[in-house]
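Read-outs: derived from the displayed coordinates by stated rules, not from any lab. The shown structure was predicted, so the numbers you read here are calculated from the model rather than taken from an experiment. We place every Cβ from the backbone using ideal geometry, glycine too, and count neighbours over all the protein chains shown.
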Amino acid sequence: MSSSYVKDLMVEVKAKNPAEPEFHQAVQEVAESISLVLERHPEYRAAKILERIIEPERIITFRVPWIDDQGEIHINRGYRIEMNSAIGPYKGGLRFHPSVNQGILKFLAFEQVFKNSLTSLPMGGGKGGSDFDPKGKSDLKVMRFCQAFMSELFRHIGPDTDVPAGDIGVGGREIGYLFGQYKKLRNEFTGVLTGKGLNWGGSLIRPEATGYGAVYFAAEMLGTKNQTLKGKKCLISGSGNVAQYTTEKLVELGAKPVTLSDSNGFIYDEEGITREKLNFVFELKNVRRGRIKEYTDKFKSAVYTEIDPKMDHNPLWDIKADCAFPSATQNEINAKDAQNLVKNGVYVVSEGANMPTTIEGIEIFLDKKILFGPGKAANAGGVAVSGLEMSQNSMRLPWPREEVDNRLQMIMKNIHKTCVTMAERFGTPGNYVNGANIGGFLKVADAMIDQGVV
């Protein structure tokens, strides 16, 4: 039943959503896991639960006209995908990047439904953004764009409706401008965006949460083998928020991170990226907004490799190591990269980015039985602390750093436990992909059945 069900479903999904390969990929991965549940629980199939989750509840598309510093008019496209609200308000990031289109945002929103469910916090799934590129633009240009973007988005969001956050291209600066415009238009101060500044409603640990969470999840997986991260050599891709805080937590736990990358290439520091070196990266990327290549000018122990986009693999994943933390973007690990990782001794992969491994790459990891934490489980720490930020905003009370970090660790432990339990219950012990997909699905599915066909 399972293979024919998935096959028929995917034919329908591809026909209804043409030219959206990332969305097809995300749906197929989940459908293959969920088919194990549908065999035992035909009531979910009869209620067409998966088919209903696949179809967004609402897609909002709008134009964003804005004026730059020289008085020139630009037009971008804005989106918000409100995917599923069965267990809470829509929750998910905004991405500002030239690659943004409806298909990519639908895949991210679909993944977000299961990820948010796994956190056990009351949050539905959504995602949004624009094809605007903030890279290299002045603060004034970014502010004008954010104000124009929010001038339309504000109609569709709210603390009990839809609570966006940041994602690629949307950091503290952008969240500040977006929040300021929302507050002005609505004339109210509410927790409508997460990732806010600490002195105006933000939560401690929110910037660190996705990276810290991916490391906590890796530590939980290693714990099943009676091992820790201490002394482990770790590969990290990306050099933005997730990669930076993944590196920070690895250093803190005694591991040895050796790589960071951006869209041009990567650095490999055989001696390890220390706290002092990481401080340089924070300043380079968050303040000067420079390129990772500059790391090698400062630290002679590192070598820089330019990445040729025409290559069939990424040489970053062809370095001997124990653990890998893909923290850049979707589909950055293909089948050849996965083979290289396994060949070079990597036996722990914890995904900091969303869907960074292709379906073929995942099959290799599962076939080799390595410890593989899929993004919707391993990187759920970010949205988990966003949920905690919403709670603090509702109570008008900030929690201390230790409390937020302890709650984050507990949430990641519980997500890990759910993955392990569900994988075993449905006959695939050790398969964190099935465990995460099934664990996320069941909570949403039960809520949807309770609420009727809406």
Is it possible to state the helix-based mean residue ellipticity at 222 nm for the chain, with each DSSP H run of 4+ residues giving -39500 (n - 2.57), the sum divided by total residues, to the nearest 500 deg cm²/dmol? What is it?
-> -15000 deg cm²/dmol
Between the range 403-454 and the range 1-45, the Cα center-to-center distance that results, in Å = 19 Å
Given +1 on the Cβ of Lys and Arg, -1 on the Cβ of Asp and Glu, and no further charges, what dipole in debye does the range 209-373 carry about its Cα centre, rounded to the nearest 20?
-> 380 debye
Which helices pass in the chain if a helix is a full DSSP H run, must span at least 15 angstrom along its long axis by Cα, and must have mean Kyte-Doolittle hydropathy not below 0.5?
-> 209-223
Taking Cα pairs under 8 Å and at least six residues apart, what relative contact order does the chain come out at, in percent?
-> 16 percent
Treating only the Cβ atoms of Lys and Arg (+1) and Asp and Glu (-1) as charged, compute the dipole magnitude of the range 101-202 about its Cα centre; round to the nearest 20 debye.
-> 220 debye
When Phe154, Phe23 are ranked with the fewest other C-beta atoms within 10 Å first, the list becomes Phe154, Phe23
Which percent, nearest 5, of DSSP beta bridges in the range 228-365 are antiparallel?
-> 50 percent
When only C-alpha pairs under 8 Å and at least 6 residues apart count, what is the relative contact order of the range 56-189, in percent?
-> 28 percent
Spelling it out for Phe372: with amide H atoms placed in the peptide plane at 1.01 Å from N, the residues 5 or more places away or on another chain with amide H under 5 Å from its amide H are Val349, Tyr432
DSSP bridge pairs, the chain: antiparallel proportion in percent, nearest 5 | 55 percent
Just grab the label-to-label distance for Ile307 and Lys14, each label 7 Å out from Cα along the Cβ direction, in nm (one decimal).
-> 2.7 nm
The farthest towards the positive end of the charge dipole of the range 209-373, of the residues Asn286, Gly231, Ala335, given +1 on Cβ of Lys and Arg and -1 on Cβ of Asp and Glu, is Gly231
Distance in nm between Gln409 and Lys48 label points, each 7 Å along Cα→Cβ, equals 4.7 nm
Please give the residues of the range 187-214, grouped as numeric ranges, whose backbone N is less than 15 Å from a label point set 7 Å along the Cα-to-Cβ vector of Phe282.
-> 198, 204-209, 211-212
Roughly how many nanometres apart are two label points built 7 Å out from the Cα toward the Cβ at Ser263 and Leu198?
-> 3.1 nm
Once the Cα atoms of the chain are picked out, what are the Rg and Dmax in Å?
-> 20.9, 63
Specify the inter-centroid distance of the range 226-281 and the range 150-198, based on alpha-carbon positions, in whole Å.
-> 31 Å
What is the fewest-to-most order of Thr247, Thr296, Thr418 by other Cβ atoms lying within 10 Å of their Cβ?
-> Thr296, Thr418, Thr247
Please report, in debye to the nearest 20, how large the charge dipole of the chain is about its Cα centre when each Lys and Arg carries +1 at its beta carbon and each Asp and Glu carries -1 there.
-> 620 debye
Holding the Cα-Cα limit at 21 Å, pick out from Lys48/Lys413; Lys298/Lys336; Lys293/Lys376; Lys230/Lys320; Lys232/Lys369 the pairs that are longer than that.
-> Lys48/Lys413; Lys298/Lys336; Lys293/Lys376
Please tell me the relative contact order of the range 2-53 in percent, rounded to the nearest whole number, where contacts are Cα pairs under 8 Å and at least six residues apart.
-> 39 percent
